[in-house]
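Trainee: Attaching a single structure in structure tokens format; questions to follow.
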Amino acid sequence: MKKPPFLLSTALLFWGWQTGLWICAIPIVIILECSRFVQSRWDFSSDDIKRIANLCLIILVSLSIYLLIANRSFYIIYTVLQWLPAVFFPLIAAHIYAVKESIKLTTLFFTFNDENTGEQSNHFSVNLIYPYVAICILAASNANTENISFYLGLFVILAIVLWNVRSPRFSPMLWLCLFLTAASIGFIGQMGLHQLHLQVENQVVAWFSDAIGQEINAFKKETSMGEIGSLKQSNDIVFRVNAANQNNASLLLREATYNKYQSPLWIAVNPEFTHLKPNNHTTWRLGNQPDNNSSLTIYGTLNNGKGILRLADGTFEINDLPVSAMEKNKYGTVKVTGKVNDIAYKIKFNQQFSLDSPPTADDLQIPKGEQPAINEIINQLNIQGKSPQEILQIVDAFLLKNYRYSLQLTGKDNTSTPLSTFLLQTRAGHCEYFASATTLILRALGIPTRYTVGYSVHEFSNLEKQYIVRSRHAHAWTMVYIDGKWQTFDTTPADWTNIEDARVSKLSIISDLWSFWGFQLSTWLKNMRSSNLFKYIWWLLLPLFLIMIAKSAPQNKVKRVFKQQILSTPTPKTDIIANDSEFYLIEKALNELGFIRYPSESLKKWLERLKEELPRDDLIEELSKLIELHYRYRFDPQGIQEGEKVGLKSAVQLWLEKLKIKN
């Protein structure tokens, strides 16, 4: 296939434009384009190409490791993809400046051995220009510029490629109109796919967040009955808490609070997040400092730099948190955005101190569908003339006596809501049901309440000398407004932690050790990044890297050949036989008329297509006979006689004359 001029340069400049890596793109373009003026070429052997390919692989692995250490995140894959043209530059440069115009595919893989493949490996040769152009486009697409520039650049590159292979049977104007029409349709389709991609990405982020225990509240403002129940099945460690003393056992760390129930959803009505400004780069003040306070350090993770903080009630200050933005709503939910994923922040709090907004009418709202069940429960309680504190004690004792904690829900009734079924029939459920029931019962008794989700901090690890919080420690409870402030009220039976601990496999210690080692490595890398040692460690690894490059270098001196020598080099015997066959005049004539034979297409397969495109059966029939004679000439070890050669030549000339008369 004829190579379009300046295709590589266009693709590389497009890559530099989209990613901003001009410092790499421009030198690469200059080096590759200089091949048009440099008269010498290098005769690389298969082993030389394999070593260069191995060098590219070493660069790719080193780059991936560096990015993983610098910023531990799954999303480094996008950065790695952006650097692919620079990573594979040694290979494309060797290809451009090589004597041969194609490279055997087997030389690019470790698992192939040319000695075993023999001459058949010659059939698996590839020109690296088009794959490298595809790599440039892939790298540019990962820059995520979010504007029309990427599509325009892709449009230009495809136009160059397709213009080069267009059929001469059609006028350039017709080709241009068809291409513009296809491009317009493609642009409209691309806009639709972009919207679909955003929807899928949001859903995947939500699933990924659930999988590692990070609540998806950072991406939506509601929670559904059953979400925490599914999280409890996982024993994975989500985050860690280092307290100044162990008196903070059974501490509840809040993630989000909701105030309106629409079965089976709890919703935060008009959360109205407001931006907070830091006191300095890593200190954030949420409220005025009370007289007495406690503190603890939380080690957690964000998803692509985004997430919700786990905070104790009455948190008024957050320290050592390197994020770029923080937002807080009136229900106490705090979400952050930054450039790091591993975070370790220190909070100062006083649980007798509340920063949440005063109650509203929504904090007394009860859905009509839940009203009958709530009224029936209230009728069973003796609460006449009781104070709010006494009401809390009565409700807590009632639920503890008549209900039990369970993750195995039975007796589903499609005629009633999940909460009504829990209150009147099954009387068994997990924390979501206890918290939801408590919230609505107290509302019916005139006490403002809100529904809260977060985690229970109660498992102290003797190995780590700090608290570990697992996915199954996700919890839900009620916030009640009494004595002019919001207070925590948890009616879930206290033995829920023992029930869940009994379900854990004895082999979980293995995953705990793995998580602990990962945490220690993450902490070490964080300390390395914050110290000057991290800046010099790569200088210590440089000698090892240079040794690996040296081993990848050609063992023998690569022969330098000039273009004049290439042109004067004797043509291989197989090429002489191919060029002597007069049949290639027919192939050339048909190609000029637009009946192009594909590079991997056999003559007989090509003939089958020509039967549909050439209207004259006599030409096709004669062409079939000529192909048979040509095959004998090319592949029969005994060849053909001199008389048959003369007959082939005259038959080809006669066939070409008929073709001219036809056209």
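Rule-based calculations on the coordinates, nothing more; no lab input. Please read all numbers here as calculations on a predicted model, not as lab measurements. Cβ placement follows ideal geometry from the backbone for every residue including glycine, while neighbour counts extend to all protein chains displayed.
Trainee: From the phi of every residue in segment 492-499, what ³J(HN,Hα) in whole Hz does the Karplus formula 6.51 cos²θ - 1.76 cosθ + 1.60 yield, where θ is phi - 60° and glycine or proline is x?
Mentor: Residue by residue, segment 492-499 yields 5, x, 5, 7, 5, 5, 5, 4 Hz.
Trainee: Whose amide H sits under 5 Å from the amide H of ARG41, counting only residues 5 or more places off or on another chain, with H placed in the peptide plane?
Mentor: Amide H neighbours of ARG41: VAL561, PHE562, LYS563.
Trainee: Okay, moving on. Amide H of LEU128: which non-local residues (sequence gap of 5 or more, or other chain) have their own amide H closer than 5 Å, using H built in the peptide plane?
Mentor: Long-range HN contacts for LEU128: ILE103.
Trainee: Right, here's the next one. How many angstrom separate the Cα center of segment 30-57 from the Cα center of segment 431-503?
Mentor: 65
Trainee: Quick check for you: which residues of segment 585-626 have the amide N under 14 Å from the point 7 Å beyond the Cα of LYS660 toward its beta carbon?
Mentor: Residues 586, 589-590 fall inside that zone.
Trainee: Apply the a/c threshold of 1.5 to the C-alpha gyration tensor of segment 391-460 and tell me whether it is rounded, prolate or oblate.
Mentor: Because a/c hits 1.5 or more and a/b fails to exceed b/c, segment 391-460 counts as oblate.
Trainee: Structure shown: which of LYS260/LYS346; LYS260/LYS401; LYS330/LYS485; LYS604/LYS649; LYS328/LYS485 lie over 22 Å apart, alpha-carbon to alpha-carbon?
Mentor: Values: LYS260/LYS346 31 Å; LYS260/LYS401 28 Å; LYS330/LYS485 14 Å; LYS604/LYS649 20 Å; LYS328/LYS485 18 Å.
Over 22 Å apart, Cα to Cα: LYS260/LYS346; LYS260/LYS401.
Trainee: Next question, about the same structure. Subtracting the Cα-Cα distance from 0.36 nm times the residue separation, let me have the gained length for VAL99 to VAL269 in nm, one decimal.
Mentor: On the way: separation 170, 0.36 × 170 = 61.20 nm, distance 7.03 nm.
54.2 nm is the gain from fully extending VAL99 to VAL269.
Trainee: Right, next: Taking 0.36 nm per intervening residue step and subtracting the Cα-Cα distance, what contour gain separates PHE179 from ILE31 on full extension? Display every interim value, and only then the final one.
Mentor: On the way: separation 148, 0.36 × 148 = 53.28 nm, distance 3.21 nm.
Net length gain for the segment: 50.1 nm.
Trainee: From the phi of every residue in segment 41-49, what ³J(HN,Hα) in whole Hz does the Karplus formula 6.51 cos²θ - 1.76 cosθ + 1.60 yield, where θ is phi - 60° and glycine or proline is x?
Mentor: For segment 41-49, the Karplus curve yields 10, 10, 8, 7, 7, 4, 5, 4, 5 Hz.
Trainee: Then there is this: Ranking request for peptides 586-599, 498-511: highest mean number of other beta-carbon atoms within 10 Å first, then the rest in descending order.
Mentor: Numbers: 586-599: 14.3, 498-511: 11.1.
In decreasing order of mean packing, 586-599, 498-511 become 586-599, 498-511.
Trainee: Follow-up question, since we're still on this one. What list do you get for SER40, SER416 if you sort them by fewest beta carbons within 10 Å? Show your work: numbers first, answer last.
Mentor: On the way: SER40 13, SER416 18.
With the fewest neighbours first, SER40, SER416 line up as SER40, SER416.
Trainee: With an 8 Å cut-off on Cα pairs and a minimum separation of 6 or more residues, tell me the relative contact order of segment 452-522 in percent.
Mentor: Working: 55 pairs, mean separation 15.0, N = 71.
Relative contact order for segment 452-522 comes out at 21 percent.
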